[in-house]
Every structure is written in C-alpha cells, then in structure tokens.
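Structure first, commentary second.
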Amino acid sequence: MPCRSDTPDASLSKNRPAEPLPESLAWIERELESIRAAGLERPTRVRSGRQGATVGLDGHTFLNFGSNDYLGYAGDVRLSKAASKAACAQGFGAGASPLVSGHCEAHDVLEKTIAQWLDVEASLLFTSGFAANTATIAALAGPEDSIASDARNHASIIDGCRLSQARVDIYPHRDLSSLENILAAAGGARRKIIVTDTLFSMDGTIAPLADLSDIARRHGAILMVDEAHATGVFGTRGSGLVEQAGCASGVHLRVGTLSKALGASGGFVAGHASLIHWLRHTARAWIFSTAHPPAVAAAATQAIRLVNAEPDRRHQLLENAAEWRSRLTRTSVDIGSAEAQIVPIVTGTPASALAMAAHLASEGFFVPAIRPPSVPPGKSLVRASLSWLHTPPDLARLADAIRKYSH
C-alpha cells in the first residue's frame, strides 16, 4: 500500500515579504550580488515525490542524474516499512544525546551491523557523514600534530582539519611523492595523520589505498579514509573500496555515510573497539548532538541487509558506469580521470557549466552544475551520478545529449 502524506497547510508555507536589511547587515546584499555576478548563485529546488530514476523539481519531471542514490534504495518501500515499524515501537525522535538516553535499540543494532559488515570491532553513529568527519578529525589531532590531506578531499574533511588546529599540509590529488615528503618533514609531530576520500565526489577518481596504507605504515602515521561514495557500491560484500583494495589492516579509521547508496541518513566511524570507545569521550558532535531518529537507524540497517542480499545491484551499476564512461570518451567528451559511478563532464567556467545543465534540463535530464567552491576555479563541471535505477536506454539518451551539446 503506498504511503500517504497529509496535504500541507498552505497558510503555513507562504513566504513572508522581504524587508530591508538593518544597516549592520547591509553587507549581505553586496556579498550576494558578488555571488550572482560570478555565476555562483544556487537555487533551492523543491522536490516532489520520492527519489528515483525520475525526479520532480519545481513542478517539472526529469530523468534524475543528480542524486547519490546509487543503488536505488532511497525510495524503496522496504526501507520505509522498516522505518515505520521502528517509529511505532521506539518513537520518532531520539529525545537526547547518545550519552544520556538517546542511544536506543535501533542504534545499537545498526552499530553492530556496520561493524560486522566492515569486519571491524566497533562502529559509532553520527547524525551525518559531515559530523562524523569533523568530529573525528578534531578529536584525533591538535596543535602538536600534523595532517596530510588530499587536495580534492570533501569539505567535511577540510573543516575537520581546520577545527583540529593541527598543522595541515595539502598534497596534490593522489600525489604519493608529495605525501611522502610531507610525512618525512613532520618527524617532530606528536601524531601524523593521512586523511583521504576513497572515491572523490566531484572527480569520480579512486584513492590508491594500498599505497597509502603502505606509506602510513612506513611513516608511523594514522590512516583515516572517507568511504561516503563507495559504501554499498564496491567490494565483495559491498562495504567499500577498503575491502576491494584488500588493505583493511592498514586503515585505522573508516568513515562512511548512510545517506548515499544506503538511501537513509547519518554517518559512522568504524575501527578498533578502543578507538571507538575513545571517540565516545572526545568526539564533540557525537557527545553534544541528539541522536538521530531510531526510525532512520532501522531503515539503514535494512539497507545493509539488502546490499548483502542483492549484490547484482552494485555489479550492474558498475558495469553500466564503465560502459557509459567508455561511450563518452569514445566521442571525445572530457570526463577527467573518472573511474566509478560519478562522472564529471568538465566545462571550465561556471557559466559554461550552467549552460550545459540548462541544455540537458531542456532535454529532460537533471544533471547539476558544480561550481566553486565545490570544485577549484576553472574546473566547473556538470556531474552525472549514475544509479542502478538507470536503464541502458536512459544512459544512451543522456550520452547522446551530452555529445551533441559538446560538439
């Protein structure tokens, strides 16, 4: 039976008329004008219905290449049923931080399920992957420590590094020689930490995890990886690129998210039991945040079960992605060094990315324009996020639309 929702009260959703800003905030309008002039203003779109192969945005329906719902679970009724059952049994809101009374049965089951899935001793849930990264890095490092961070790491890693107040050295994307030099120069640091995405969200590139594991071992460094876009998609069990690379023993912390391939919400950190126990005493975003809803945890647990039961989804997704990348490169479309289900079409300027996104929208495709600060200046692009839900004809049509526009 399909889920029903109450019709929202129109009187509560009307926008209040804009008022002039007070003088102390007048600078905001000047800042906004600069953003508009640079082609960097972002719209807030209203989505209707569920995430899926198609998406309703602002009253228009598109083939959806703008979601991280890689396995098609975000709109899966099996997750909705698991969430509904947990909400009925345990209530919707957690009511408190995990250390007080917010850690419920659904959270406990999910943490144990994640640990078993990743074949580690323990895991810790956060309200988001962003919170997991910022809290963990800030707990691990301080002013006496040295962090080496890949230049294309996610904003949550960058912010975690800033919060830590450690010395942070940025090495060029996947440049192992530069990383070695940074670690060699950090001999006096209390702790040396390497932090990297495993699958880079804007480039679709993969970190050289086996090499990074070896470098961390030789330099006595902690290796922390963010599997946000790889969780559920790679590896024999679908647990991520660490599993696929076969270097789990050399990775000390694995961060992941429940909101992408798993179709739920929240984030986690996984690793040695003592390390996780220590984070329960030091990770401020975990200590001082209300636990996320039990219903969400139950949905994520169900998603992990489905990933294990339905490996054909990730296999088909990766096969389709490989064929689609090959189709684009054969027609001289610039996709950088993409090697996964995230495929950028590099345009260069914000204006050119917006123009391509608008053209694709006119053809019935939602492929969002990605501009600074999400990517470096001069590297604007449109990003196609492929899902198991996309059919070969869907992918062929989008490839043709991109090729015709690019040429």
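The values are calculated or read from the model by the stated rules, or taken from the named source; none is laboratory data. Just so it is clear, the structure is predicted and the values come from calculations on it, not from any experiment. FYI the Cβ positions are ideal-geometry reconstructions off the backbone, even for glycines, and counts take in every protein chain you see.
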Worksheet item: Of all residues in the range 77-114, which are touching a strand residue (DSSP E or B) at 6+ places or on another chain (Cβ under 9 Å) and either surrounded by 14 or more Cβ atoms within 10 Å (Cβ to Cβ) or among the small types (Gly, Ala, Ser) (or both)?
Response: Pro98, His103, His107, Leu110, Glu111, Thr113, Ile114
Response to the item:
Scanning the range 262-275 residue by residue, those among the small types (Gly, Ala, Ser) and not in a loop (DSSP other than H, G, I, E, B) turn out to be Gly267, Ala270, Gly271, Ala273, Ser274
Practice prompt. Output the number of residues of the range 151-166 satisfying the condition of being at negative phi and touching a Pro at 6+ places or on another chain (Cβ under 7 Å).
Written response: 2
Worksheet item: Among all residue pairs at least 6 apart or on different chains, which show Cβ distances below 9 Å where the first residue, located in the range 146-172, is within 18 Å of Leu183 (Cα to Cα) and of a type in the set (Asp, Glu) and the second is in a loop (DSSP other than H, G, I, E, B) and modelled with pLDDT of 95 or more?
Response: Asp150/Pro172; Asp150/His173; Asp150/Arg174; Asp150/Asp175; Asp150/Phe200; Asp150/Ala207; Asp169/Ala186
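Per-residue answers, yes or no, for (1) in contact with a Gly (Cβ under 9 Å, 6 or more places away or on another chain); (2) under 28 Å from Ala285 (Cβ atoms):
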| position | (1), (2) |
| --- | --- |
| Ser34 | no, no |
| Ala38 | no, no |
| Gln51 | yes, yes |
| Leu79 | yes, yes |
| Leu99 | no, yes |
| Ala106 | no, yes |
| Val120 | yes, yes |
| Phe126 | yes, yes |
Fill in: Residue list for the range 325-357, restricted to those being buried (at least 19 other Cβ atoms within 10 Å of the Cβ) and part of a loop (DSSP other than H, G, I, E, B)
Ile335, Ala338, Ala340, Gln341
Worksheet item: Considering Glu121, Glu105, Glu144, Glu111, which residue is under 19 Å from Arg190 (Cα atoms) and in the same structural domain as Val233 (by TED's automatic domain parsing)?
Response: Glu144
Fill in: Subset of the range 115-161 (residues that are within 14 Å of the chain's Cα centre (by Cα), surrounded by fewer than 24 Cβ atoms within 10 Å (Cβ to Cβ) and not in a helix (DSSP H, G or I))
Thr127, Ser128, Arg152, Asn153, His154
Practice prompt. Could you tell me whether Glu23 is farther than 19 Å from Met356 by Cα, outside the structural domain of Phe366 (by TED's automatic domain parsing) and either surrounded by 11 or more Cβ atoms within 10 Å (Cβ to Cβ) or touching a Ser or Thr at 6+ places or on another chain (Cβ under 8 Å) (or both)?
Written response: no
Response to the item:
Residue set Arg254, Arg327, Arg314, Arg280; condition out of contact with any strand residue (DSSP E or B) (no Cβ under 9 Å at 6 or more places or on another chain), under 30 Å from Arg217 (Cβ atoms) and touching a residue at least 24 places away in the same chain (Cβ under 8 Å); output residue Arg314
Discussion item. Just to check your reading of the model, which residue among Leu395, Leu360 is modelled with pLDDT of 95 or more, part of a helix (DSSP H, G or I), buried (at least 22 other Cβ atoms within 10 Å of the Cβ) and of a type outside the set (Asp, Glu)?
Written reply: Leu360
Practice prompt. Looking only at the range 369-390, count how many residues are in a loop (DSSP other than H, G, I, E, B) and surrounded by 21 or more Cβ atoms within 10 Å (Cβ to Cβ).
Written response: 6
